[in-house]
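First comes the structure, then the notes that go with it.
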There are 2 protein chains.
Amino acid sequence: MQQYCTECGGPTRLRVPEGDSRPRQVCSLCGHVHYENPRIVAGCIVAEGDRVLLCRRAIEPRRGLWTLPAGFMENGETVEEAAARETHEEARAEVAPEALFTVFSLPHIDQVYMLFRARLTRPGYAPGTESLEVRMLREEEIPWDALAFEVVRQTLRLYFADLRQGRFGIHVGDLVRGEGEPARYECRLLGAGR
Amino acid sequence: MQQYCTECGGPTRLRVPEGDSRPRQVCSLCGHVHYENPRIVAGCIVAEGDRVLLCRRAIEPRRGLWTLPAGFMENGETVEEAAARETHEEARAEVAPEALFTVFSLPHIDQVYMLFRARLTRPGYAPGTESLEVRMLREEEIPWDALAFEVVRQTLRLYFADLRQGRFGIHVGDLVRGEGEPARYECRLLGAGR
């Protein structure tokens, strides 16, 4: 939790600045207001025929479980550049994002996932430093019980449904975490009954 | 520019943390790494028949110029909630976002715009505190020379093109600022020739 001002080093406290409606960390010496905003996680669904590239995580959280290559977008990038960079870092794959596929808000962790369909621009892939293993898998080979994140599960579910239909949409929605443990999520898609 | 650590108040300096590839503000006392990431600007294209709701800005930057209601997404929200909230704040309009319409990366200012097509869920609109004036305008009434932002101009251009075709897409791309003044932008759409 933020306790000091980034501009003067003075102590901050949580209060609603004048003209604002939300509490922010405000410096009690210089008055600087510190905003915090959701982060974008960008990544790729790299497809070859009916197979999709998955990475087995070498890092926490969810070490040993499978995920799509994705990570935090950096300043100075476009979302597509971030998606391609993360895919190169985690799967040593050179890709071109071709179309947006899912946009999922995860309000309980202040993240927005943006996952693109992509193709390899040169053959080959291999584990990056954050991956134990990288594989191209068919729908029936996906380790559904060993996926790292619900957003990955929902994206793969939508991807293979669209692949069977022969037509890809752009799916926009929210993954809302319910109360209690283990975690349960409600997947609400925009334009799907709301 | 950040100069002090949010966790201990110590002086930070810009350096590449171990295992990272980018310079970050790192605390020289406690070692805390401060990340900065792009922010999402969420907003709405509120349509009634062939008209679209625009706001004339009461605040800087671009005071007096016209824009779509939009603003920074906050923690704890979904993108659609942020878009609806900003529309209520700036245009006192109650809306339901129905479909994503444009996603534009603006890498020169570390922003990603996400604009939704939306409809009024109850009649009426009026200037919020950040707007001088709110109006529903037809394509031929749009003040093309008095729009606040290039991303708004591109979104309206795509919107009215789709409206004439009778079919709305989801447009994903980048607005890349060229060198020099006045500002010039290149609009690159994903799936449109790249």
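The values are calculated or read from the model by the stated rules, or taken from the named source; none is laboratory data. Nothing here was measured: the structure is a model prediction, and the numbers come from that model. With ideal geometry, Cβ positions are generated from the backbone for all residues, glycine too; neighbour counts draw on all protein chains shown. When the accessible area is computed, the model is the full protein with side chains, heavy atoms only, and any ligands, DNA or RNA have been set aside. Shrake-Rupley method; radii C 1.70, N 1.55, O 1.52, S 1.80 Å.
Just give me the residues in segment B:28-37 being over 28 Å from the mean Cα position of the chain (by Cα) and either crowded, with 17+ Cβ neighbours inside 10 Å or not hydrophobic (A, V, I, L, M, F, W, C) (or both), in sequence order. Reasoning before the result, please.
Quick first cut of segment B:28-37, residues over 28 Å from the mean Cα position of the chain (by Cα) only: B:28-32.
Across segment B:28-37, the qualifying residues are B:Ser28, B:Gly31, B:His32.
A:Arg22 passes every criterion in (1) more than 24 Å from the chain's Cα centre (by Cα); (2) within 17 Å of B:Gln2 (Cβ to Cβ); (3) within 8 Å of chain B (Cβ to nearest Cβ) apart from (2). The sole residue among B:Ile40, B:Ile45, B:Ile59 that is buried (at least 16 other Cβ atoms within 10 Å of the Cβ) and within 29 Å of B:Glu141 (Cβ to Cβ) is B:Ile45.
Screening A:Leu156 against (1) in contact with a Phe, Trp or Tyr (Cβ under 6 Å, 6 or more places away or on another chain); (2) buried (at least 18 other Cβ atoms within 10 Å of the Cβ) leaves a single unmet condition, (1).
Just for segment A:112-130: of the residues that are open to solvent by less than 30 Å² (accessible area, probe 1.4 Å) and touching a Lys or Arg at 6+ places or on another chain (Cβ under 9 Å), which one is nearest to the other protein chains (Cβ to nearest Cβ)? Once the filter is applied, the top-ranked residue is A:Val112. Residues that are surrounded by fewer than 16 Cβ atoms within 10 Å (Cβ to Cβ), of a type outside the set (Lys, Arg), within 30 Å of A:Glu36 (Cβ to Cβ) and out of contact with any Asp or Glu (no Cβ under 8 Å at 6 or more places or on another chain) do not occur anywhere in segment A:134-142. Scanning segment B:118-151 for residues that are small (Gly, Ala, Ser) and in a loop (DSSP other than H, G, I, E, B) turns up B:Gly124, B:Ala126, B:Gly128, B:Ala148.
Can you find a residue in segment B:136-148 that is closer than 27 Å to B:Tyr185 by Cα and within 13 Å of chain A (Cβ to nearest Cβ)? Scanning segment B:136-148 turns up no residue that is closer than 27 Å to B:Tyr185 by Cα and within 13 Å of chain A (Cβ to nearest Cβ). Answer with yes or no whether B:Glu98 is at the interface with chain A (Cβ under 8 Å from one of its Cβ atoms), open to solvent by 10 Å² or more (accessible area, probe 1.4 Å) and modelled with pLDDT of 95 or more. Considered against the rule, which asks whether it is at the interface with chain A (Cβ under 8 Å from one of its Cβ atoms), open to solvent by 10 Å² or more (accessible area, probe 1.4 Å) and modelled with pLDDT of 95 or more, B:Glu98 comes out as yes. Of all residues in segment A:14-27, those being open to solvent by 70 Å² or more (accessible area, probe 1.4 Å) and modelled with pLDDT of 95 or more number 4. In segment A:55-72, of all residues being under 20 Å from A:His171 (Cα atoms) and of a type in the set (A, V, I, L, M), the one that is farthest from the other protein chains (Cβ to nearest Cβ) corresponds to A:Leu68.
Which one of these is open to solvent by 40 Å² or more (accessible area, probe 1.4 Å), within 14 Å of chain B (Cβ to nearest Cβ) and touching a residue at least 24 places away in the same chain (Cβ under 8 Å): A:Arg177, A:Arg188? Going through A:Arg177, A:Arg188 in turn, the sole match is A:Arg177. Select from segment A:75-94 the residues that are open to solvent by less than 20 Å² (accessible area, probe 1.4 Å) and in contact with a helix residue (DSSP H, G or I) (Cβ under 9 Å, 6 or more places away or on another chain) and write down the one among them that is farthest from the other protein chains (Cβ to nearest Cβ). Among residues in segment A:75-94 that are open to solvent by less than 20 Å² (accessible area, probe 1.4 Å) and in contact with a helix residue (DSSP H, G or I) (Cβ under 9 Å, 6 or more places away or on another chain), the one farthest from the other protein chains (Cβ to nearest Cβ) is A:Ala93.
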